[in-house]
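I have placed the structure first, in the form of structure tokens, so that the comments after it can refer back to it.
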Amino acid sequence: MKVLYYYDDDVGNYFYGAGHPMKPHRIRMTHALLDSYKILDHLEVVDSNVPTLNIEDHLIKYHTEDYIDFLKTVTPDNLNDYLDLFVGFNMGEDCPVFEGLWDYCKISTTGSVLGATAICEGRNKIAINWAGGLHHAKEQEASGFCYTNDCVMGILELLKFYQRVLYVDIDIHHGDGVEEAFYTSNRVLTCSFHKFGNYFPDTGYFSDIGYGAGNGYSVNFPLSEGMDDESYETIFKPLITSIMETYRPEAVVMQCGGDSLSGDRLGCFNLSTRGHGECVKFVKSFNIPMLVLGGGGYTIRNVSRCWAYETSVLCGLEVDTKIPEWDDYIGYYAPEYTLFPSISNMENQNTKEYLRTSLETLITQLREKVIPVSTDISNYKEINLYNTPNRLYSTDNIRAFREEQEDMKE
């Protein structure tokens, strides 16, 4: 059974604007590497030309209709007519209106829905959408360069068939949009490893564990600068193993943001391509259906190499260290021309003691709070959280809730 790989060649044409760090061109560069290494021969390649798929129907299962109508309608030519909506939908410098915005949103989301559908139908066990992983988008607003949350769309599709879905996020930024969407549900367990403290989006602390039926099903590992391969492995593998043993997920959605790589334009971790890929390899080793997504990553020559390598990992292929000289973007990889660029000598500010005690805290959370939900899926074909914002999931509401809890203790 081949790995399904979603790619739409138009994705590389979209441009957020001069100076903006998000470059969709990195996805085209990834595709070129897959072609150069002949990895495409081992993939089932699909694009967005699926006449039976109306992606808007999927989007409004989570996003509000007025927000989707806005994304469909606003353009650089008419944006002055919609300025009064910019604040409410959180549009601006981080999330600008650019030419083809709606088509771009459709491309990124279609890949995750198609991949999840193929998995549910048993046609593929692994599906890849490097154009996806836009994990910050909220129900009715853009955030962090993300407009529509394809991660949520993919999970919702998987929940039609699977009882329990695990979401794993190795982007340097907290996967706040996905966590928010399922904050009150026990059918999705979200696990995010991220930089925390004066760093966007300023959520994802140990105490953010979910609410109601979802209490304990949000797992967050806040980290400091300089996280390296060795340290990451000492926390990632034991925590994922504990989740697998405790929660027993039936499918996994993995967001592989490349901004946790060493040398990222916006990041401050120090992971190598192999270290980042080891996380993908480890999750794959559990032999559970996987939907693998892109995400952040702003030094695009590193992102493309990482995602090309991780595609080879998912296909079970060994690849040459040296990038083929006929690659369309070979000049980007000078002077090393290697798939595995060197990492920096930055200091790791995460102590072994902090990592050890934090890991113990999270494993305790899992053991005390997480139990698999009913095996009877007949009563819930779709999870009931569409267009229902979680009351607790805003900075002000969470703060007020915690103050309320403290008052009750007194």
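The values are calculated or read from the model by the stated rules, or taken from the named source; none is laboratory data. Small disclaimer: the values here were computed from a predicted structure and weren't measured. Note: ideal-geometry Cβ built from the backbone for every residue, glycine included; neighbour counts use all protein chains shown. All accessible areas refer to the heavy atoms of the entire protein, side chains included, with ligands and DNA or RNA removed. Shrake-Rupley method; radii C 1.70, N 1.55, O 1.52, S 1.80 Å.
Whose amide H sits under 5 Å from the amide H of residue 271, counting only residues 5 or more places off or on another chain, with H placed in the peptide plane?
262
What does the charge count around residue 344 come to, taking other residues whose C-beta lies under 12 Å from its C-beta (Lys +1, Arg +1, Asp -1, Glu -1)?
Net local charge, residue 344 excluded: -4.
Roughly to the nearest percent, how much of the accessible area of segment 249-344 is carbon and sulfur, given a 1.4 Å probe?
Ligands and nucleic acids excluded, carbon and sulfur reach 49 percent.
Tell me, what is the 1.4 Å probe accessible area of residue 281, in Å² to the nearest 10?
Accessible area of residue 281: about 90 Å².
Which entries of 2/106; 2/281; 23/106; 38/284 have Cα-Cα distances beyond 19 Å here?
Going by Cα-Cα distance, 2/106; 38/284 fall outside the 19 Å limit.
Of all DSSP beta bridges located in the chain, what percent are antiparallel, nearest 5?
10
Determine the per residue accessible area of the chain with all protein chains present and a 1.4 angstrom probe, expressed in square angstrom.
The answer is 41 Å² per residue.
Please identify every one of the trypsin sites (Lys or Arg not before Pro) in segment 8-52 that sits in a loop by DSSP and has no more than 16 other beta carbons within 10 Å of its own beta carbon.
Here the sparse-neighbourhood loop sites are 38.
What's the local net charge at residue 191, with K and R +1, D and E -1, over the other residues with C-beta under 11 Å away?
Neighbourhood net charge equals -2.
What FRET efficiency, computed as 1/(1 + (r/R0)^6) with R0 = 30 Å and r the Cβ-Cβ distance, is obtained for residue 349 and residue 371, rounded to the nearest 0.05?
Here the calculated transfer efficiency is 0.25.
For residue 3, what residues show an amide H to amide H distance below 5 Å, using hydrogens built from the backbone and excluding near sequence neighbours?
The answer is 44.
Based on DSSP, what percent of beta bridges with both residues in segment 141-292 are antiparallel, to the nearest 5?
Counting only bridges with both partners in segment 141-292, antiparallel ones make up about 5 percent.
May I ask you to list, by number, the DSSP H helices of the chain whose Cα span along the axis is at least 27 Å and whose average Kyte-Doolittle hydropathy reaches 0.5 or more?
101-120
Taking θ as phi - 60°, what are the ³J(HN,Hα) couplings along segment 322-338 by the Karplus curve (6.51, -1.76, 1.60), each to the nearest whole Hz, with x for Gly and Pro?
So the J values, rounded to whole Hz, are 7, 6, x, 5, 8, 4, 4, 10, 4, x, 5, 9, 5, x, 7, 6, 10.
Pop the C-beta distance of residue 361 and residue 49 into the FRET formula with R0 = 56 Å and round what comes out to the nearest 0.05.
Plugging the Cβ-Cβ distance into 1/(1 + (r/R0)^6) gives 0.75.
Take each of the peptides 220-228, 362-370, average the number of other beta-carbon atoms within 10 Å over its residues, and list them starting from the highest.
My ranking of the peptides, most packed first, is 220-228, 362-370.
Just check segment 254-356 against the gyration tensor rule for me: Cα atoms, a ≥ b ≥ c as the square roots of the eigenvalues, rounded for a/c under 1.5, and otherwise prolate or oblate depending on whether a/b exceeds b/c.
oblate
So which trypsin sites (Lys or Arg not before Pro) in segment 96-160 are both in a DSSP loop and have at most 15 other Cβ atoms within 10 Å of their Cβ?
Taking segment 96-160 and a limit of 15 other Cβ atoms within 10 Å, the loop trypsin sites (Lys or Arg not before Pro) found are 123, 160.
Starting from the Cα of residue 237, draw a straight line to each of the aspartates and glutamates and keep only those under 15 Å, dropping any in the same chain fewer than 8 residues away.
169, 228, 229, 245, 278, 360
Only residues of segment 7-27 count here: report those whose backbone N is under 13 Å from the spot 7 Å along Cα→Cβ of residue 79, or say none.
Taking a point 7 Å out along Cα→Cβ of residue 79, the residues of segment 7-27 whose backbone N falls under 13 Å are 15-20.
Taking springs between alpha-carbon atoms closer than 10 angstrom, which of 254, 244, 29 fluctuates most in the Gaussian network model of the chain?
Highest fluctuation of the listed residues: 244.
Long-range amide H contacts for residue 292: which residues qualify at under 5 Å (H placed 1.01 Å from N, peptide plane, sequence gap of 5 or more or a different chain)?
The answer is 127, 128, 129, 254.
Give the peptides 302-315, 265-278, 168-181 in descending order of average Cβ contacts within 10 Å, highest first.
Packing proxy ranking, top to bottom: 168-181, 302-315, 265-278.
Identify which of 214, 88, 263 has the largest mean-square fluctuation in a Gaussian network model of the chain, with springs joining Cα atoms closer than 10 Å.
Result for the chain, Cα springs under 10 Å: 88 fluctuates most.
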